[in-house]
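First the structure, in the form of structure tokens, and then the observations on it.
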Amino acid sequence: MGREGSFIKRFSDIIIGFCILILHSPILLIAMAAIKIESPGPAIFIQLRAGKGGKPFKMFKLRGMVKNALEIGPNLTQINDPRLTKTGRFFRRLSIDELPQFFNVLNGTMSIVGPRPEILDITESYTDEQKKVFQFTPGITGFSQINGRQMLTPEERTRMEVEYYRKATFISDLLILLKTPFVILSNEGNI
């Protein structure tokens, strides 16, 4: 949390990420077992996303769709997407599917608070203005995630994020972190 590249941001990411993984490990293990029971395939879904500098990285999530979802539909989740499993719908509703991203935080490819990491198909068509978002490490939660989530267009999201992260402070990031559970529980902006 705080300014991009600062010691405080990286240190707080490691401490918070480690604590969340330890505290939520029972939930993560139960969720992985539920995924395996409901449908064949791996419990963890790995997808390339655009990271800092636009560099692709492997982002981890709990698999919430059928095994071959990308072969039978679009890269993006749709409203009432038939590829979602029952457990997947439940996990997405409470953002449990995001828990493995804390491993991304520990390895430095993501931060706790930062811009939403987009899929490469979307970032390939970014304008020069939108590419400014690559100056920042993507986050599990962030300004756009608490202010519209998936209801925002990529253009709206990147505009908000570039503006916010240029001026981000430890306190402003802490406020985002504190607001995140309320946004998750309200399911505001989620599909």
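Details
- Cβ separations smaller than 6 Å between residues 6+ apart or across chains give the following pairs from the range 117-145 residues that are closer than 11 Å to Gly51 by Cβ to residues that are of a type in the set (A, V, I, L, M, F, W, C) and surrounded by fewer than 20 Cβ atoms within 10 Å (Cβ to Cβ): Leu120/Leu48; Val133/Val162.
- Filter result for Gly139 (modelled with pLDDT of 90 or more, small (Gly, Ala, Ser) and under 15 Å from the mean Cα position of the chain (by Cα)): yes
- Some residue of the range 105-119 being outside any loop (DSSP other than H, G, I, E, B), touching a Lys or Arg at 6+ places or on another chain (Cβ under 8 Å), farther than 30 Å from Leu175 by Cβ and among the aliphatic types (A, V, I, L, M): no
- Long-range neighbours under 7 Å by Cβ, at least six apart or interchain, first residue closer than 13 Å to Ser144 by Cα within the range 166-179, second in a helix (DSSP H, G or I): Ile176/Phe143; Ile176/Ile146; Lys179/Ile146
- Evaluation of Met110 against (1) surrounded by fewer than 20 Cβ atoms within 10 Å (Cβ to Cβ); (2) at pLDDT 90 or above; (3) in contact with a Ser or Thr (Cβ under 8 Å, 6 or more places away or on another chain) (one fails), failing number: (1)
- Scanning the range 10-18 for any residue that is among the aliphatic types (A, V, I, L, M) and without any contact (Cβ under 8 Å) to a residue 24 or more places away in the chain turns up at least one such residue.
- Options Ile44, Ile16, Ile27, Ile35: the member that is farther than 21 Å from Arg116 by Cα, surrounded by 12 or more Cβ atoms within 10 Å (Cβ to Cβ) and touching a strand residue (DSSP E or B) at 6+ places or on another chain (Cβ under 7 Å): Ile35
- Qualifying residue in the range 163-170 (condition: assigned to a strand (DSSP E or B), in contact with a helix residue (DSSP H, G or I) (Cβ under 6 Å, 6 or more places away or on another chain) and either surrounded by 14 or more Cβ atoms within 10 Å (Cβ to Cβ) or aliphatic (A, V, I, L, M) (or both)): no
- When Asp97, Asp81 are checked against the criterion of being modelled with pLDDT of 90 or more and either within 28 Å of Glu124 (Cβ to Cβ) or touching a Pro at 6+ places or on another chain (Cβ under 8 Å) (or both), Asp97 stands alone in meeting it.
- Of the residues making up the range 122-159, those that are under 24 Å from Ser12 (Cα atoms) and either in a loop (DSSP other than H, G, I, E, B) or in contact with a Cys (Cβ under 7 Å, 6 or more places away or on another chain) (or both) number 5.
- Restricting Lys36, Lys58 to those that are among the charged types (D, E, K, R) and not in a strand (DSSP E or B) reduces the list to Lys36.
The values are calculated or read from the model by the stated rules, or taken from the named source; none is laboratory data. Remember, it's a predicted structure, so these values are computed and weren't measured experimentally. For neighbour counting, all protein chains shown are included, and Cβ atoms are generated from backbone atoms with ideal geometry for every residue, glycine included.
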